[in-house]
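> I have a structure here, written as structure tokens, and I will follow up with some questions on it.
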Amino acid sequence: MKTQVPVSSVLHYKGSTVWHISPEATVFDAIKLMAAKNIGALPVMSDGSLVGIFTERDYTRKIALQGKSSKDTRVWEIISNQIVCVTPDESVEECMRLMTENRVRHLPVVENEKLLGIISIGDLVNWIISSQNSAIEQMEQYIAGGVSA
């Protein structure tokens with residue numbers, strides 16, 4: 001199934017509330033916020049600009065496995081400065097391709113340097129499943145004679 005729907009539709013569907021953290025915050029504070037909000041990544045913002053993304057992977061690979069203290073380490077010390085972003089017009093299909101190619105699970109949606117939201121691979125999978133279910137229902141109704149094409 002082609003998914004040329006713009007990712008802005010996914011943001012509209014899921015809501016555009018974006019929790020974020022400062023690069024000066026401790027990793028412990030980031031993990032605490034992620035746990036409280038039940039999210040797997042936090043955009044890292046400085047003076048209104050996106051400077052990175054903090055993820056559960058960052059914590060496990062750069063703190064837990066290296067024996068560092070999350071209370072003594074600042075977010076800026078462990079985030080990557082290479083951020084893969086998309087615009088709201090990017091298709092769901094292209095977002096999935098970018099996630100696979102770059103081995104990331106979260107994409108910030110940015111327009112004119114303003115963070116509009118963040119989408120996860122789970123958001124995209126849920127969107128595709130919902131779209132497929134709608135298409136199947138429409139086909140079933142058409143076959144049953146309930147809707148004209």
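The values are calculated or read from the model by the stated rules, or taken from the named source; none is laboratory data. Just so it is clear, the structure is predicted and the values come from calculations on it, not from any experiment. All Cβ positions, glycine included, derive from the backbone under ideal geometry; neighbour counts span all protein chains shown. The area values use the complete protein model at the heavy-atom level, side chains included, leaving out ligands, DNA and RNA. Shrake-Rupley method; radii C 1.70, N 1.55, O 1.52, S 1.80 Å.
> Express the carbon and sulfur contribution to the solvent-accessible surface of segment 28-149 as a percent, rounded to the nearest whole number, probe 1.4 angstrom.
Accessible surface attributable to carbon and sulfur in segment 28-149 totals 48 percent.
> According to the Cα gyration tensor, what semi-axes, each the square root of 5 times an eigenvalue, does the equivalent ellipsoid of segment 55-118 have, listed from largest to smallest in whole Å?
Equivalent ellipsoid semi-axes, largest first: 28, 14, 8 Å.
> Right, something else. For segment 1-93, state which trypsin sites (Lys or Arg not before Pro) are in a DSSP loop and have at most 12 other beta carbons lying within 10 Å of their beta carbon.
For trypsin sites (Lys or Arg not before Pro) across segment 1-93 that sit outside H, G, I, E and B with at most 12 neighbouring Cβ atoms in 10 Å, the list reads LYS2, LYS71.
> Something else now. Express the relative contact order of segment 46-125 as a whole percentage, based on alpha carbon pairs under 8 Å and six or more residues apart in sequence.
27
> Here's another thing I want to ask about it. Normalised radius of gyration for segment 1-110, please: alpha carbon Rg relative to 2.2 N^0.38 Å, two decimal places.
Relative to the rule-of-thumb radius for its length, segment 1-110 sits at 1.12.
> Roughly how many Å² is the accessible area per residue of segment 31-143, as a whole number, for a 1.4 Å probe?
Per-residue value: 62 Å².
> If you don't mind, another one. Under the 0.36 nm per residue contour assumption, what length would be gained going from the current alpha-carbon distance of TYR142 and ARG103 to full extension?
10.1 nm
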